[in-house]
Structure formats: structure tokens, C-alpha cells
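Below is one structure, written out as C-alpha cells, with a few remarks after it.
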Amino acid sequence: MTATKRIFSGVQPTGNLHLGNYLGAIRNWARLQADYECIYCVVDLHAITLPQDPQALRASTREVAASLIAAGIDPKGSIIFNQSQVTAHAELAWIFNCVAKLGWLNRMTQFKDKAGKNRETASAGLYVYPVLMAADILAYKATHVPVGEDQKQHLELTRDIAGSFNDAYGVDFFPLTEPLIFGEATRVMNLRDGTKKMSKSDESDYTRINLTDAPDLIAQKIRKARTDALPLPGVARDLVDRPEANNLIGIYAALADIDRDAVCAKFEGAQFAGFKNDLADLAIAKLSPITAEMRRLLDDVSHIDAVLRDGADRAQALAAPILREVQDIVGFLHP
């Protein structure tokens, strides 16, 4: 079919992609390919807002690209590339820095979370990170962005910047990009603390299931996952005050492509020891083929590099005329 809507989304190359990344984003990205023109970016410019080891950054960029392909994203149909290789992202971000308001950026909660008590020593790049995110999206005039609940604020800023640019120059140029928010397990939580999001930055590896984990390790992590002493309820609404139980049931629901109520009905009255065995079997069945394909791809980095080069060329071809129009609108001279 001919795509009439365009998706843009990105993932940071910081290594250790995990189950939350897969269920909350990457799996959904693969499913969107049938109905949208899809652009998926390894956002290495965003990564350097915090200190990175150069060699590790290159390795993580390849690992993320391999994970996208292994999870079902077709690099011939969709575009997969690393952000730094398309200069329109940085160029448009500067123009948007001159459109965005300080008050808007001061309201961004993610800067406060990442900078913490070290706000005065945080990089300027970390502060204007959301402006670069807007440039990522609007460099392609993306109509939709798949987001988690914690990213909605950044997309709202993108819409504010697009609207402000259009108003400032009296044009109807940039779209007001719409969010795509998915259902079960879009927010996968920490296996040891159901009140915290699963994160690759957590010190303990047992808080998450990595896409590179072997089957035995997946099973071990699920068995050690925190739960409570109560049996599984018959309906999902009874999980409200049981964050760890809710998390594991949500993971099962997402992996099985059913809702939480269906999981509760299936396991009503069961203890978690038995449920965890079933969850481990399901997780291994779904994730092991992805892990195996990732390893195969990473054994041939020349192929991954070729995919990224081709993706960057295709992304540049889309972004370059849009950036040129922006420059004309702003008044930049092309002698």
C-alpha cells in the first residue's frame, strides 16, 4: 500500500536494551510498518548529552540497529539510521532553539530528573535535548510518533515549536504531530520494585530482562522477581495496590497479546511460583529468537554498517528539501 502517514521514533544507543524497550516500543514499531512510512533512528546525538566512551558508543549503535532488525523492522521497507549522519537534525535544532521559549524548557521534567542535584554542571545539550527531539521529528514532517506516557511532554513541546514556527513566519509548514500510545505493558516496570520503570541504567542486572540474556538467565530473573504472598486475582482491577504482581501480569499479557483480565482469568487463584514458570517459558519463547538473530547480525558488523549508511542516505533525501524550505522561510540566503 502507499503510505500517507509518516512515523518517526528513536532509541538511544546506550546498550542493554531490555524487555521494556521491546514491549513498550520496538515491537510496536515493527507492527506499524504495514500502515505507515516508518523512520527509526538510533539517536547518538542525544546520547552524548551525557558522557560516553567513544568505542562503547559505536558498539552500542550497532547493537541497537541489530536489535531493531532482529525484532522485525525491515531495513529495506523502513529507514534505520544513526542520527549524527543526517546533518538536518542538528541544523534544524538550532533554528528551533531560536523559536523555543525558555519557559517551555524549564517545565521539562526529564532534565530535572537527569540533572538532579548537579543542575549547574549539566551540559547545555541536556537542557535543550527536547528541542533536538522536535527537530528529529519535524525534519521529516512526521505525522505520528509512538510514545510512552513519560514522553508525552516532549511531544507536546514539539507541537508547540511547530505551531510557534508556523505562526512566527505566517506559514502552514510543519504538522502538529500526533502521538500513538499503545496498550498493555507500554510501561514495563522494574522486576525488583514495581513502582519504578525498568531501566538499563539500574545498577542491578536483576531489575530487568535484557534482549541479550540467555534463556537460563531470563528464567532466573523471573523466578527472582519480587511479588507478594497473595494468589493471582480473577480480575485486573484487583491489582491496583499490588505493583509487582501487576507488573508481571502486564508483562505476560503483552507477550501473549492478551489483556490483563484474560491473564487473571487464566491463572485465578494460582500462586506466583507456578505463574512465574509459565511467564519464563513465554518470555523465552518470544525473546530467544530475537536474541539469536541479534547475535548473528552482530557477527557481521559490515552488514549493520551498510544498513545504517543506506538508511542515512534515504533519511537525508527526505530531510534535505524540508530543511531547504525552512531556510528559505527563515530568510537564509542561498547565493
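Picking from Ser288, Ser302, which residue would you name as being over 23 Å from the mean Cα position of the chain (by Cα), under 23 Å from Leu68 (Cβ atoms) and assigned to a helix (DSSP H, G or I)? Before the answer, list the steps.
Details: Ser288 fails: over 23 Å from the mean Cα position of the chain (by Cα).
Matching residue, one of Ser288, Ser302: Ser302.
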Subset tally (residues that are farther than 21 Å from Thr14 by Cβ and basic (Lys, Arg)) for segment 74-117: 4
Conditions (1) within 30 Å of Asp300 (Cα to Cα); (2) assigned to a helix (DSSP H, G or I); (3) touching an Asp or Glu at 6+ places or on another chain (Cβ under 9 Å); (4) of a type in the set (S, T, N, Q): number failed by Gln52: (2)
Failed condition for Val307, given (1) touching a Cys at 6+ places or on another chain (Cβ under 9 Å); (2) modelled with pLDDT of 95 or more: (1)
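Could you list all residues from segment 310-335 that are at pLDDT 95 or above and in a loop (DSSP other than H, G, I, E, B)?
We begin by selecting, within segment 310-335, every residue at pLDDT 95 or above; these are 310-333.
Result: Gly331, Phe332, Leu333.
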Residue ID - surrounded by the fewest Cβ atoms within 10 Å (Cβ to Cβ), chosen from residues in segment 232-245 that are among the acidic types (Asp, Glu) and part of a helix (DSSP H, G or I): Asp238
Every residue from segment 246-269 that is surrounded by fewer than 23 Cβ atoms within 10 Å (Cβ to Cβ), within 16 Å of Leu19 (Cα to Cα) and in contact with a Gly (Cβ under 7 Å, 6 or more places away or on another chain): Asn246
Output for segment 205-231, where each listed residue is outside any loop (DSSP other than H, G, I, E, B), within 18 Å of Arg187 (Cα to Cα) and touching a residue at least 40 places away in the same chain (Cβ under 8 Å): Asn210, Ile222
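Condition test on Asp228, is it in contact with a His (Cβ under 8 Å, 6 or more places away or on another chain), over 22 Å from Val43 (Cα atoms) and loosely packed, with under 13 Cβ neighbours inside 10 Å? Give the steps one after another, and end with the answer.
Details: in contact with a His (Cβ under 8 Å, 6 or more places away or on another chain): no; over 22 Å from Val43 (Cα atoms): yes; loosely packed, with under 13 Cβ neighbours inside 10 Å: yes.
The answer is no for Asp228.
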Only one of Lys152, Lys114, Lys141 that is surrounded by fewer than 21 Cβ atoms within 10 Å (Cβ to Cβ) and not in a helix (DSSP H, G or I): Lys141
Filter pass, Ser84 being surrounded by 20 or more Cβ atoms within 10 Å (Cβ to Cβ) and within 28 Å of Arg314 (Cβ to Cβ): no
Every pair of residues 6+ apart whose Cβ atoms lie under 8 Å, when the first sits in segment 79-101 and is within 21 Å of Tyr127 (Cβ to Cβ) while the second is among the basic types (Lys, Arg): none
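Can you say whether Ile249 is β-branched (Val, Ile, Thr) and touching a strand residue (DSSP E or B) at 6+ places or on another chain (Cβ under 9 Å), as far as the supplied structure shows? So that I can check it myself, show each step before the final result.
Working: β-branched (Val, Ile, Thr): yes; touching a strand residue (DSSP E or B) at 6+ places or on another chain (Cβ under 9 Å): no.
Judged against the criteria, Ile249 is not a match.
The values are calculated or read from the model by the stated rules, or taken from the named source; none is laboratory data. Remember, it's a predicted structure, so these values are computed and weren't measured experimentally. Heads up, the Cβs are rebuilt from the backbone with ideal geometry, glycines too, and the neighbour counts pull from every protein chain shown.
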